[in-house]
Amino acid sequence: MRAFASEGHLCTILSRDPRAAASDSPTVRNVVWDARTVGPWIEAIEGADVVINLAGRSVNCRYTRAHLDVMMRSRVDSTRVVGEAIARARNPPRLWLQSATATVYAHRYDAPTTKLPG
């Protein structure tokens, strides 16, 4: 995002954190959303060149069943609602990039890294 903004592209960040809604940059604006429902933030999609969705609960936690459920729902819900917003747009973006997570696991031979706890 910094690279796009430094080249003068208007970048809009959708954030669940209202404190992140302030920006000093003329090329960056922050808009609050809940990542589950279509709301006023849909205006940020209108006429955008590209949408890059990186939303989802942090994976920096213990992988309990409850955390795994929240991580999955946060990714599925945000992807679904971004898709709805793009489908409703009169002038939709030409490109939508989606990434659910980019977790790096230790290289291990002593234990699997995919086994659910308990």
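The values are calculated or read from the model by the stated rules, or taken from the named source; none is laboratory data. Note that the structure is a prediction, hence the values are computed from the model and not measured. Here the Cβ is made from the backbone with ideal geometry for all residues, glycine too, and neighbour counts use every protein chain on show. Just so you know, the surface numbers come from the protein's heavy atoms only, side chains and all, with ligands and any DNA or RNA stripped out. Shrake-Rupley method; radii C 1.70, N 1.55, O 1.52, S 1.80 Å.
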(request) Working only within the range 70-118, note down all residues that are under 19 Å from Arg16 (Cβ atoms), assigned to a loop (DSSP other than H, G, I, E, B) and modelled with pLDDT of 95 or more. (result) none
(message) I'm told Ser23 meets every condition in (1) at pLDDT below 90; (2) loosely packed, with under 11 Cβ neighbours inside 10 Å except one. Can you identify the failing condition by its number?
(response) (2)
(request) Say whether the condition of being hydrophobic (A, V, I, L, M, F, W, C) and touching a helix residue (DSSP H, G or I) at 6+ places or on another chain (Cβ under 7 Å) is met by at least one residue in the range 87-105. (result) yes
(request) Determine whether the range 56-69 contains at least one residue that is of a type in the set (Lys, Arg), at pLDDT below 85, open to solvent by 60 Å² or more (accessible area, probe 1.4 Å) and in a helix (DSSP H, G or I). (result) no
(request) State all residues of the range 39-50 that are under 15 Å from Arg90 (Cα atoms) and open to solvent by less than 70 Å² (accessible area, probe 1.4 Å); if no residue qualifies, say none. (result) Trp41, Ile42, Ala44, Ile45, Glu46, Gly47, Ala48, Val50
(request) Can you work out which of the residues in the range 70-87 that are free of Cβ contacts under 8 Å to residues at least 24 places away in the same chain and either open to solvent by 50 Å² or more (accessible area, probe 1.4 Å) or of a type in the set (Ser, Thr, Tyr) (or both) is farthest from Arg36 (Cα to Cα)? (result) Ala87
(request) Output the residue which, of all residues in the range 1-20 that are more than 13 Å from the chain's Cα centre (by Cα) and open to solvent by 80 Å² or more (accessible area, probe 1.4 Å), is farthest from Trp96 (Cα to Cα). (result) Arg19
